[in-house]
Amino acid sequence: MNRPRVSVFVGLSLDGFIAGPGGDLSWMEPYSTDSPEETGYGHLMDSIDTLIMGRNTYEKVLSFGAWPYPAKRVVVLTHRPLDSRHGEMAYAGLLENLLDRLKRQGSRHVYLDGGESVRQGLAGHLVDEMTLSWVPVILGRGIPLFDAALCPSMWKVKEVRALPSGLVQTVYSCPHAEAAER
């Protein structure tokens, strides 16, 4: 594999939206009572060395207050100038090329976050594992995780579990990634 392992970890509505209209996330709040240890997010953050996120996700994270990634390399996919506040790096190119560069720089495991970024990763067959936390809400509109431009791909269910909050979490792996690791 010429790139680091790539993981996606995202919450989404039953109809496949990762945010409501205008980036609204308030519909997730009633289901945010599970700890990072219960959801597996803590383990993911311990295992990654790099985060790649889209500009919209980056802007949303900045609005939360305290920077949640103090010890991680963060790359923001953007074509606009970036005023780095925490050592983040801007990148405006193909995700595949960025992953290749990160591998050469020693990166071994990447967390890919943000709708457009994840769709790019899926379209390029660059995602090795997806953890999807299904929120029992139907939004009807908003920012989708998947879109019609994606090509069909097969995924293997590794784990399904119900969390105390009511989320149902499914961990999927890409069979091609598993074969490449062997």
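Values in this text are rule-based calculations from the coordinates and carry no lab data. Predicted model only: the values in this text are computed from it and were never measured. Cβ: placed from backbone, ideal geometry, glycine included. Neighbour counts: every protein chain shown.
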query = Among G115, G22, G54, which one moves the most in a GNM of the chain with springs linking Cα atoms closer than 10 Å?
reply = G22
query = Can you sort S173, S133, S32, S26 so the residue with the fewest Cβ neighbours within 10 Å comes first?
reply = S26, S32, S173, S133
task = Please check which bits of segment 23-38 a label hung off A162 would reach, taking the label as a point 7 Å along Cα-to-C-beta and the cut-off as backbone N under 19 Å.
result = 30-35, 38
message = Using +1 at the C-beta of Lys and Arg and -1 at the C-beta of Asp and Glu, which of H86, G11, A66 has the Cα lying farthest in the positive direction of the dipole of the chain?
response = H86
query = Amide H of V75: which non-local residues (sequence gap of 5 or more, or other chain) have their own amide H closer than 5 Å, using H built in the peptide plane?
reply = L51, I52, M53, M89
message = With a cut-off of 8 Å between alpha carbons and a minimum separation of six or more residues, what is the relative contact order of the chain in percent?
response = 36
remark   = Which of [x] 16.6, 53; [y] 16.8, 60; [z] 15.8, 43 is the computed Rg and Dmax of the Cα atoms in Å? It is [z]
task = With springs only between Cα atoms under 10 Å apart, run a GNM on the chain and tell me which of T57, T33, T131 wobbles the most.
result = T33
ask   = Hey, rough spin-label estimate for S35 and A123, points 7 angstrom out along Cα→Cβ, what's it come to in nanometres?
value = 4.0
Reach of K103 by Cα under 18 Å, taken over lysines that are not fewer than 8 positions away in the same chain = K72
key: Proximal aspartates and glutamates to K60, defined as alpha-carbon separation beneath 12 angstrom and excluding residues fewer than eight positions away on the same chain   = D24, D113
task = Per DSSP H run of n ≥ 4, the term is -39500 (n - 2.57); total these for the chain, divide by its residue number, and report the mean residue ellipticity at 222 nm rounded to 500 deg cm²/dmol.
result = -6500 deg cm²/dmol
